[in-house]
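Asker: Starting off with a structure, shown below.
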Amino acid sequence: MTQAFRIENSGLINRDKKLSFKFNGKTYLGYEGDTLASALLANGVHLIGRSFKYHRPRGFFGAGVDEPYAVVQLYRNGETEPNIKATEQELFEGLEAKSVNCWPSVNFDIGAINNFLKIFLPAGFYYKTFMWPKSFWYRIYEPFIRKAAGLGVASTKHDKERYEHKYEYCDLLIAGSGPSGLAGAYAAAKNGAKVILAEDKPRFGGSLLTSDVNIGNQSGKDWADGIIAELKTMPNVVIKNRSQIFGYYDHNMLVMSEKVSDHLPSTKKYHPNKRLWYIRAKEVLISSGSIERPIVFGNNDTPGVMLSSAAKEYLKVYGVLVGRKPLVFTNNDSGYETAIEFKKHGVDPVVLDSRKNAESEIIDEAKNLGINIKNSHVVVAAQGYKKVKSADIASISEDKKQLGKIENIQCDCICVSGFWTPTIHLASQSGNKTKFKEEIDAFVPGESKQNEITLGAANGIFSLDETLKTSFTAGSELSKKITENDNEIAIPNVVEKKSSQHDKFWCVPLPKGKNYKRFLDFQNDVAVSDVEIALREGYRSIEHVKRYTTLGMATDQGKTSNLNGLQLVSEIENKVVPAVGHTTFRPPYTPVSIGAIVGREVGKHSKPTRKSPMHSWHEKNNAVFVDAGVWLRPRYYKRGNENLFDASKREAKNVRANVGVCDVTTLGKIDIKGPDAAELLNRVYTNAWLKLPVGKARYGLMLREDGIVMDDGTTTRISENHYHMTTTTAQAANVLSHLEYYLQLVWPELNVNVVSTTEQWAGAAIAGPKSRDLLQKLFPNSDVSNEGLPFMGYMEGDLFGVKARIFRISFSGELAYEVNVESDYGNFMWEKIMEVGAEFNIQPYGTEALSTLRIEMGHVAGSELDGRTIPFDNALEGLVSKKKDFIGKRSLQRSAFTAEDRQRIVGVVPLDKQTSIPEGSHLVKDDKAPLPNPKLGHISASCWSVEYDNPFSLAILKDGKNMIGQKLFAMSPVKNKVIPVEIVSSHYVDPKGERVRS
Amino acid sequence: MLYINCPHCGMRSQNEFSYGGDASVKRPELNKEVSDQEWDNFVYNRKSLRGKHLELWQHISGCRQWIKVERDTTTHEIFRTFKADEEVA
C-alpha cells in the first residue's frame, strides 16, 4: 500500500530509509523517523482500536504522551508488550502491532453492542448492576468483564530484556527541551553548572519543531538544533532524548525512564532495554510545556477528530496529512496556525471560530491566504462511524447557549483547539500548591515546596519572547548560586506572531431533540451526561466524581480530559473552577514498564547470595543447597539415588553413632571488646554474665524490650576484655544494630566496641561420640580431654599450622565442638577434618540433619523463637535471672506472660508412630468440633527421630506444662490431615543432657 | 527518597539508613521500680506526631551510627540532624 497521505517537502523523517511494518496483520510502509501513529496515518489508517466501555471506534487524537486512544499491543523481537501508545512508539523495520479491546477484530467488534446499550451503561453502572445477585459475580460478571475489558495482554513469558538503574547527581535538572528548557539549560551550562536535560521525544526542540517563529534570525528549529549541538560538546552537560521524567519525589529526587532500545528492532548486545535514572538535583527547571485541550461536542470521539496541534505536528514533523478536507474548530488562534499549514501544503481547510470577532497577526495571515473562516460557528456533532464523513455545524449566540440553524458540511477530519493546558504534573508532585489562572482557564504552579521552578508554557506563558527571557534568566540565576560563575548570555531576538485572547468556551450545547454523546474522557468513555449523573446522585468532591465516573483515570491520566471535567462540574455546581479544585497528580506521569522499575533485581540478582568458604567443597560433594536468609547452606549431601528424607536420616544417624561435620560459617559472629563488655552482656542477656571466666563459653538468651525472645547463641570470653558472640544466621544483622543502639543511645557510658566478624571466621561443627578422638588427631599438641577442654570450654589450637579457635559447644546434643579458623583457611580446615575423620567414619551433614538432631533434643531454633514467644514458652525460664535487670525484664511481669496456662514447648508423637505431622498443624482437643475449632497450639518443627525411628515434632501448646501425656489431634487443613497424637516432653532424647558432658 | 545529612558522613540517600522510631523516648533506668503505665509508655505508646518529629535513624550501610533526625512527618522536610550524644535544643 502506498503512503497516500504523505506529502513532499515537509517533515523531519528520513525518506531514504523505508521501513515495513504490520498492523493487525496487514503490511504497510513508513519511513525512519516515523512513529507508528504517523506511519499509519500516512497510509490513511485512522481506525486503531475500540473504546474501553462502549467499544466505539477509535482513531488518533494526539501526537504524543497525551494520546488517549491509540493504545496498542506491540510485538518486537519475539516479545510482546501491552499499553504502548502508537503516538510514542517509533517505527522500526519489522514492527508488529495489534489493536486492543476489540474482539474478534477492530472492524467487527462484538463489544460494540455496548454502544447501543449505552443507555444502560451510565456512570456507576458497574457499581450498581453487578452487586446482585451476589453469586453471579464470579461465574458470569467477572469473566465477562475480563474478556471484554482491558488495554492489552501482559506477556506470560520470562522477559529476556535487561533493565538498568542509574543514580545521578546534578546541579540543574531540566525536564523538557522546548524553548524554555533549551534556554535554561544553555544559560546554566555556560555558568559551568552540571546540567541534565531530558526530552521524552526522540527529537529535541519541543514546540519549536512545529511553530512558525524566528529566533536570532534563524527558524525556531534551526536555533534549537544549534543550541543542542553546542550543549553536546560541553562536558558538564548530559542530554537525553527518549527520556521521560515521570516522578518528582522527596528532597529533589526525580526519576526518569530512558527508552534505550524501544526504537530498534532488537536490543543491541550489552545494552539495556530501558534505563531508570534516579536523579538527585540541586535545582529543577520544569519546562514540560502544555497540552492542547479539546472542545466538547457531539460524537467528538469519532476517528478523524483530533487536536489541532497534533494535526500540525503530523504535517510538520512527519509530512503526513491527517485529511484532505480538514475542518478546524477553534476558540483561539492556535487553530489558525494549523489551518495555515494545511493551506501552505495545498489543502483547503474551513475554520470555525467560536469567537464573534477576533483579530490578530495570525488571523490576518489566514485571511490573506484566502482561508474560509466562519466566526461564531461551532461543530455540533461529527458524523460518520469509523471515520469522520461530515460535520453538523451551526452558528452560536454570544452567550453560547443558543445554536443557529444546523447545516451539514463535508470534511474528513476535525481539528480541535480549545486552548492550552500547562503540564503541571511534576510541579504538583513536588508539593507545589497550584493556582488557577483566569486568563488561560487553567492551573499553573504556585508556591514551591522544593527547589523547582516552572517556566514557559508549563507556567502558562505562551509568548516565546517572554519564555526565552525568563528561562535564560532563571538558568543563569539558579546556576550562579551553585557555581558562582556569572557569564552573560545575549538573549536572542524573537520574531513571533501576536495572538488574540482565546474564548472561554469549551462545550457545545446539545441541539434540541438530539442526544449526542459528548465525551470528556476519551480513554474511559466518560461523557458529559455521566458527570451530570454523578452530581445528581450527590457526588460533590472532584476526587469522588473521578472515581465514580472514572474521569481522568487509566493510562493517559486525563491529560486531555481533566480540565474540561472540572469546567463541567464547576458549571453545574455554579462554582468557579479553583473552588472545585483538581484531583491529585501522582507519579508516574506516563506509564513505566515494570521491568524498568525492577531493574537488574530479578531472579538470583534480587538479593545477594552469600556462600561460605567451603562452598565449592560442598558443591563437589553433591550438596543440595537451601536458602538460609541470603546464605546458601548444604541441606543434605546426596549419595546415589537418595532423597532428602533418606540422606538426612543417614547423616543424622552417623552423628549419633560416629561423628559428623557441619558448616556453621553462616552463624552471626560479633566481636565485643572493652572494659565494660561483661556489663553489656549482663544487660543484653537474660542470664548472668559478670562471673564468666576467661576461656569459657555460655549460652545466652536475649529479649526485646517487650519481653519477646529476640535471639539466642553462645558467647565466649576470649580474654579479659574480649568476647566472641554468636547469633543465629537470620538475626545477625538485627542483633548488631540492637547492641549498637544500646551502646550509642541508651548506655553511652559503657566502654565497649562491637563489630561483625561473621565473614572473618569459617566455622565447622564436629559432633558425635567420636568427635573428641577426631579433635585430638586434629590438634595433637592440645589437651582436648574432658578435663582439658570441658563442656562449654574454649581454647586456641594449632591446626596443621593454622591458628584455630576451639569451642566445646553443642547444638546437636551430642559431644560436640566448633572449630573456627580465618575464612581464607576455611576450606583447608574442612578438608583436614574430612581427611583425618575418615578413620572415624565421618560424614558431612546438612541443615536437614542438623534440624533433626536439635528437634529430638528439644533445642529451640527460629521456628520456636518466632517473635511471639517468651523464655517460659521455650522452657528457658531457668536462664532468666531474678537478681539483675536486663533488656525486656520488666515486660515479663505482664499478666499474659505469667498466666497459669501460659503456652509452652512440648514434644508431639503420632499415636501410630508412622505419620509425620506437617509443620504448622494446629493442635485441637476434638477433631470433629464445629469450625472454627479452638486451637490449643501449633506444631513448630517436625522431624523423623533417628534415635527412636518414628516421627517427632515440637509444638508450642497452651498450658503445655500440664499437658504431658494428653491425647490430642494435629489438624492440617492445608495438607488435609488429621493425626491423633500424644503430648510428650520436648526433650525426647537424652533428657538429662549427659552426652554433651561426656 | 529522603536525603539525610548524616552528621558523620554528610548527605546520603535514604536507602543507606534504617528507621528507628521516636527519639524522644527515654528508657527507664536499670533496676529502677517502674509502674505498668510508665513501662507501657516506654515500650508501646507513641505520639505519632503530625509535623515536626525527632526520630532515630541508623546509618547501617555507612558509619553504622545511630543519629537523630528532625523531620516533618507530613512534608518529609528535614530540619536538622544530630549525633547520638548531641543535645537537641
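A short reminder: the numbers here are calculations on the coordinates, not readings from a lab. Quick caveat: nothing in here was measured; it's all calculated off a predicted structure. When we count neighbours, we look across all protein chains shown, and the Cβ atoms used for this are built from the backbone with ideal geometry, even at glycine.
Asker: Below 10 angstrom from the Cβ of A:SER500, what's the summed charge of the other residues (Lys, Arg +1; Asp, Glu -1)? Please report the intermediate quantities before stating the final value.
Answerer: Details: positive: A:ARG355, A:LYS498; negative: A:ASP333, A:GLU359, A:GLU361, A:ASP503.
Net charge around A:SER500: -2.
Asker: Follow-up question, since we're still on this one. Between the stretch A:272-297 and the stretch A:388-421, how far is it from one alpha carbon centroid to the other, in angstrom?
Answerer: Each part reduced to its Cα centre gives a spacing of 33 Å.
Asker: When the Cα centres of the stretch A:716-736 and the stretch A:309-380 are compared, how far apart do they sit, in Å?
Answerer: Result: 79 Å between the Cα centres.
Asker: Give me B:LYS26, A:LYS559, A:LYS638 sorted ascending by neighbouring Cβ count inside 10 Å, so fewest comes first.
Answerer: With the sparsest Cβ surroundings first, the list reads B:LYS26, A:LYS638, A:LYS559.
Asker: Quick one: Karplus J couplings for the stretch A:629-637, per residue in order, coefficients 6.51, -1.76, 1.60, θ = phi - 60°, nearest Hz, x for Gly and Pro?
Answerer: x, 8, 7, 9, 10, x, 8, 7, 10
Asker: What is the sum of charges, Lys and Arg at +1 and Asp and Glu at -1, for the other residues whose Cβ falls under 12 Å from the Cβ of A:LYS653?
Answerer: Details: positive: A:LYS649, A:ARG650, A:ARG656; negative: A:ASP646, A:GLU651, A:GLU814, A:GLU856, A:GLU947, A:ASP949.
The answer is -3.
Asker: About the Cα centre, and with charges only on the beta carbon of Lys, Arg (+1) and Asp, Glu (-1), how big is the dipole of chain A? Nearest 20 debye, please. It would help to have the intermediate numbers written out before the result.
Answerer: Values: 127 positive and 117 negative charges, 485 e Å.
It comes to approximately 2340 debye.
Asker: Which ³J(HN,Hα) values in Hz, rounded to whole numbers, follow from the phi angles of the stretch A:810-824 under the Karplus curve 6.51 cos²θ - 1.76 cosθ + 1.60, where θ = phi - 60° and Gly and Pro get x?
Answerer: 9, 9, 7, x, 8, 4, 7, 9, 10, 10, 10, 10, 4, 3, 5
Asker: A further question follows. Just to confirm the number: angle between the C-alpha axis of helix A:334-344 and the first principal axis of chain A, 0 to 90 degrees, nearest 10?
Answerer: With rounding to tens, the tilt is 70 degrees.
Asker: Excluding B:ASP22 itself, calculate the net charge of residues whose Cβ lies under 11 Å from the Cβ of B:ASP22, where each Lys or Arg counts +1 and each Asp or Glu counts -1.
Answerer: +3
Asker: Continuing with this model, one more query. Taking every DSSP beta bridge that has both residues in the stretch A:294-418, what percent is antiparallel when rounded to the nearest 5? Please list the in-between numbers first.
Answerer: Values: 11 of 28 bridges.
Of the beta bridges lying entirely in the stretch A:294-418, close to 40 percent run antiparallel.
Asker: By counting other Cβ atoms within 10 Å of each Cβ, how are A:ASP885, A:ASP525, A:ASP412 ranked from fewest to most?
Answerer: Listing A:ASP885, A:ASP525, A:ASP412 from fewest to most nearby Cβ atoms yields A:ASP885, A:ASP412, A:ASP525.
Asker: Taking Cα atoms, how many degrees apart are the long axis of helix A:826-837 and the longest axis of chain A, rounded to 10 and kept between 0 and 90?
Answerer: So the helix axis and the longest Cα principal axis differ by about 40 degrees.
Asker: Mind checking A:739-749 for the average number of partner chain beta-carbons within 10 Å of each residue's beta-carbon?
Answerer: Shielding by partners across A:739-749 averages 4.
Asker: Taking the beta-carbon count within 10 Å as an exposure proxy, list B:SER35, A:SER288 from fewest neighbours to most.
Answerer: Ordered from fewest to most neighbouring Cβ atoms within 10 Å, B:SER35, A:SER288 come out as B:SER35, A:SER288.
Asker: Now for a separate question. Cross-link list A:LYS611/A:LYS673; A:LYS18/A:LYS386; A:LYS259/A:LYS604; A:LYS221/A:LYS259; A:LYS201/A:LYS517; A:LYS259/A:LYS325: which exceed 30 angstrom alpha carbon to alpha carbon?
Answerer: The answer is A:LYS201/A:LYS517; A:LYS259/A:LYS325.
Asker: Quick one: dipole size for the stretch A:668-845, taken about the Cα centre, charges +1 on Lys/Arg Cβ and -1 on Asp/Glu Cβ, in debye to the nearest 20.
Answerer: Working: 15 positive and 23 negative charges, 65 e Å.
Roughly 320 debye for the stretch A:668-845.
Asker: Please work out the Cα center distance from the stretch A:494-570 to the stretch A:963-989, rounded to the nearest Å.
Answerer: 65
Asker: What is the mean number of Cβ atoms from other protein chains located within 10 Å of the Cβ atom of each residue in peptide A:427-436, rounded to a whole number? Don't jump to the answer; show the numbers that get you there.
Answerer: On the way: counts 0, 0, 0, 0, 3, 0, 0, 0, 0, 0.
Neighbouring Cβ atoms belonging to other protein chains average 0 per residue here.
Asker: Looking only at chain A, where both bridge partners belong to it, what percent of the DSSP beta bridges are antiparallel (to the nearest 5)?
Answerer: Around 75 percent antiparallel, to the nearest 5.
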